[in-house]
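Q: Supplied in structure tokens, the structure appears directly below.
The values are calculated or read from the model by the stated rules, or taken from the named source; none is laboratory data. Please read these numbers as outputs of a predicted model, since none were measured by experiment. Note that we place each Cβ from the backbone using ideal geometry, even for glycine, and neighbour counts take in every protein chain shown.
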Amino acid sequence: MTDPWDDPATIRRILADCDTWAVVGLANHPHRAAHGVARFLQQHGKRVVPVHPDAEPVLGEPGYATLADIPFPVDCVDVFRRSEAAGQFADEAVRIGAKAVWFQLDVVDTAAYARATAAGLDMVMNHCPAIEWAAHGPRAGR
């Protein structure tokens with residue numbers, strides 16, 4: 001049996017319906033996973049919003065120190081933080097009115113999953129959108 005945060009329909013829905021992705025942990029470090037995933041999302045038509053305490057521009061987009069600082073709606077909050085620090089970003093995603101939360105590979109917080117989904121958000125954990133795109137992204141398998 002798979003975990004509820006592994007649901008292929010939820011993965012497909014987030015990849016198809018979320019256009020603006022706030023990437024928590026995205027900084028100007030091209031060698032890090034967050035940078036590569038953000039670039040991938042941009043290349044597939046998604047708007048990427050860097051969220052990092054340094055609030056520096058990344059990939060041509062202005063950065064913000066926190067999710068609350070972003071002055072426009074965010075569809076998905078993509079979290080590149082350790083599991084023990086990730087839950088606060090799921091809670092912030094709820095507060096800013098995001099549609100979805102995505103925890104990257106090896107990031108799992110079942111309590112955060114329960115809170116976010118109880119608030120009506122879609123949530124995926126322990127997956128990477130760049131890896132899932134071929135199987136579940138828009139136009140996958142067509």
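Q: Within the stretch 69-80, does at least one residue satisfy the condition of being over 13 Å from Trp21 (Cα atoms) and either among the β-branched types (Val, Ile, Thr) or under 14 Å from the mean Cα position of the chain (by Cα) (or both)?
A: no
Q: Do any strands (runs of 3 or more DSSP E) lying entirely in the stretch 1-85 carry at least 1 residues that are of a type in the set (Phe, Trp, Tyr) and modelled with pLDDT of 95 or more, and which ones are they?
A: 20-24
Q: Further, regarding this structure: Being at pLDDT below 95 and surrounded by 13 or more Cβ atoms within 10 Å (Cβ to Cβ) is true for just one of Ala140, Ala100, Ala119. Which residue is that?
A: Going through Ala140, Ala100, Ala119 in turn, the sole match is Ala140.
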